[in-house]
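Some notes on the structure that comes next.
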Amino acid sequence: MKIEIKNCNNIDQAAVTIEQNCLNIKYAQNGTGKSTIARALAAFVNNDEEAKGKLLPFKYKNEPLAHVPSVIGIDNIKSVKIF
């Protein structure tokens, strides 16, 4: 399943592939966006408006409506577990 993430913390635009009903492990160097991906998925799957608001990149704090965080392709995901 391909998921598109836009305007979430340090991620301007990215595509991530995950397997449904499987343990998906993402690994990379520090600062590359692994935690942002997890937070974005959880915020949008759970429709948590407060968590979504925390994803707005700092560089867009003065123009929040122009760069709204979004996650596309999660329609079939019912829950996210982060550990």
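Can you give the longest run of the chain that contains no trypsin sites (Lys or Arg not before Pro) sitting in a DSSP loop with at most 16 other Cβ atoms inside 10 Å?
On the way: sites that count: K26, K54, K61, K78, K81.
Of all site-free stretches, the longest is 27-53.
What relative contact order, as a whole-number percentage, does the chain give when Cα pairs under 8 Å and 6 or more residues apart are counted? Walk me through the numbers on the way to the answer.
Numbers: 109 pairs, mean separation 32.2, N = 83.
That works out to 39 percent.
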Convex hull of Cα atoms in the chain, direction-averaged projection (nm²): 5.4 nm²
Let me know the charge dipole size of the chain about its Cα centre in debye, to the nearest 20, where only the beta-carbon of Lys, Arg (+1) and Asp, Glu (-1) is charged. 220 debye
Heavy-atom accessible area with a 1.4 angstrom probe orders D75, D12, most exposed first, as D75, D12
Report, in degrees rounded to the nearest 10, the 0 to 90 angle that the Cα long axis of helix 34-45 makes with the longest principal axis of the chain. 90 degrees
Cβ-based charge dipole, the chain, positive-most Cα from N9, G73, N47: N9
Once phi for every residue in segment 17-31 is put through the Karplus expression 6.51 cos²θ - 1.76 cosθ + 1.60 (θ = phi - 60°), the whole-Hz ³J(HN,Hα) values, with Gly and Pro written as x, are 10, 10, 9, 5, 6, 9, 6, 10, 10, 10, 9, 5, 5, 4, x
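The values are calculated or read from the model by the stated rules, or taken from the named source; none is laboratory data. Because the structure is predicted, anything quoted here is derived from the model rather than measured. So basically every Cβ, Gly included, is an ideal-geometry build from the backbone, and we count neighbours across all protein chains shown. Ligands, DNA and RNA are stripped out before the accessible areas are found, and what is left, the full protein with its side chains, is counted by its heavy atoms. Shrake-Rupley method; radii C 1.70, N 1.55, O 1.52, S 1.80 Å.
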